[in-house]
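Comments concern the structure below.
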Amino acid sequence: MRHLYILLLASALLSISSCQNETKPSGPALVYVLRVSYPDLLLRLSDHSTDSTFRRAAHIAKVAMDTGSNAGYLTSFARAYHDIAPSRHLSSIFAYVPRYQRQLTPQSKDEEVIAVLRRSFDESMDQSAAIIAKRFEVKVPPITWRDVLKRRLPKVQVPYSGEVKTRVLKGKGLIEVSVTGADNPDRIKKMVVARGDMGLWETYENEEIFPALMRADQALISLLDLPRPKTIKEKRAETSSFFKDAVVLDKSDTQPAPPAKEEEQKEKTLNPLFALLAPTIDGANQLLAGPAIGMARGKDTATINLYLSLVRKLLPADLRLMWSLRPLGDDDVYQLYAIRMHPGQEAAPISSGMITDAKEVPDHNGSPSVYITMSSFARARWRTMTEAAANGTINGREAHRCIAITLDDRVVSAPRVLGVITGGNTEISGIATAEEAIDLADVLRNGPLPAPLLIVEERIDPAPAAGSK
């Protein structure tokens, strides 16, 4: 019996090996040339420093890079930092970051700090290329003795028929990804550039933020230099003066402007923010519960982001705003969520780096979801977070609070926590398709990219000629 088991096991392994080593389909190759987002990477390497000099220098370096400066990003950053604070050194930022405490001291010169950062940039490029390659690896489920005895081979998951190659062009600061035999270009593109940065966050409630939004809305009138709304007394004086001097020749001369345009312009003048961001209210104009504080069309989200940045000081210091990952229904309308950060910490309390496993499973309704397993450290923090949310308060009254699940700074869902979660596992729901759930689990399982990747070139290379290598 033992010999039979060994023979069957060997046969199974050979069958799976042959599946993996099948000739990859040839043909044209999709090629993506990527560049790491240097500003995001530098922010991460600084441990998300909030130092104002650091932030200003990083912004100046980004502007220089975007405008075609010949100087490298780190060179521009170091120069800007010195110009802003000539007496300060970069070591005051990076020598205290845990990853650099063995390489830098508070006395390290700026040249030494930049050299260390350059090595980190190169390592991050290698790491990004390796993560992308892992996302496309064929996953073979483990074989049990029951599978072998019943000659039931586990199904090999091959989400893509193409072959993926990655190449790091360090001299140019680029990563090249080539995919042959691609049968779903859109899916592949998403897998290539997905940051994979998941976060679990505490949230504010709609009613806690709405008063601040009202103040921000009114403050924007003066900041945007919009006409000040006239008082009733001023309106009456204007009307009286008009009828005193006017000579009416025809009724058509006194017809008002088209109501729709007039009302729209009036709304933008009186409520510049709420003209674009609709408050989350019900049919009786009552604020809805939850962390969604408004809705807006996709084309207006950038303008709303700008408006809110102008009135940032009027909003809570620990508030971070994120848009929903998907629009509501078939309309191009996105929800804006109120995320609550920990004081002095911009990163999520629980992030992708604390996930040990992720798999695609149907939820209790049979809809696609991803089940994640956390590290021991994250499990303890998750218990604390869910306990605080389940026993929370809202404006002084006892209430269950919500926790937001985000992916690449977009909110996937924000469920209300009804009880403490002690197991260290959780489920990400609200995923559109099983295919998307499989890809998300794959991205989370392999860890997040060090920083976002920007596509600088996208092309199709022809298939190699027959006999060429």
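The values are calculated or read from the model by the stated rules, or taken from the named source; none is laboratory data. Keep in mind the model is a prediction, meaning the values are calculated, not measured. Don't worry about glycine lacking a Cβ; one is built from the backbone with ideal geometry, like all the others, and counts go over all protein chains shown.
General remarks:
- Tally of residues being in a helix (DSSP H, G or I) and among the small types (Gly, Ala, Ser) across the range 70-110: 5
- If you go through the range 361-393 and keep only what is part of a strand (DSSP E or B) and buried (at least 20 other Cβ atoms within 10 Å of the Cβ), you end up with Pro368, Ser369, Val370, Ile372, Met374.
- Residues satisfying the stated conditions in the range 344-360, i.e. of a type in the set (S, T, N, Q), modelled with pLDDT of 85 or more and not in a helix (DSSP H, G or I): Ser351, Thr356
- Among (1) closer than 30 Å to Val179 by Cα; (2) touching a helix residue (DSSP H, G or I) at 6+ places or on another chain (Cβ under 9 Å) - the single one Leu104 does not satisfy: (1)
- Residues being out of contact with any helix residue (DSSP H, G or I) (no Cβ under 9 Å at 6 or more places or on another chain), of a type in the set (A, V, I, L, M, F, W, C) and within 20 Å of Ala389 (Cβ to Cβ) - total across the range 328-346: 2
- Filtered residue count, the range 102-119, keeping only those that are surrounded by 11 or more Cβ atoms within 10 Å (Cβ to Cβ) and within 17 Å of Ser87 (Cβ to Cβ): 4
- Scanning the range 420-441 for residues that are in a loop (DSSP other than H, G, I, E, B) and surrounded by fewer than 21 Cβ atoms within 10 Å (Cβ to Cβ) turns up Val420, Ile421, Thr422, Gly423, Gly424, Ser429, Gly430, Ala432, Thr433.
- Looking only at residues in the range 394-419 that are among the aliphatic types (A, V, I, L, M) and outside any strand (DSSP E or B), the one that is nearest to the chain's Cα centre (by Cα) is Ala414.
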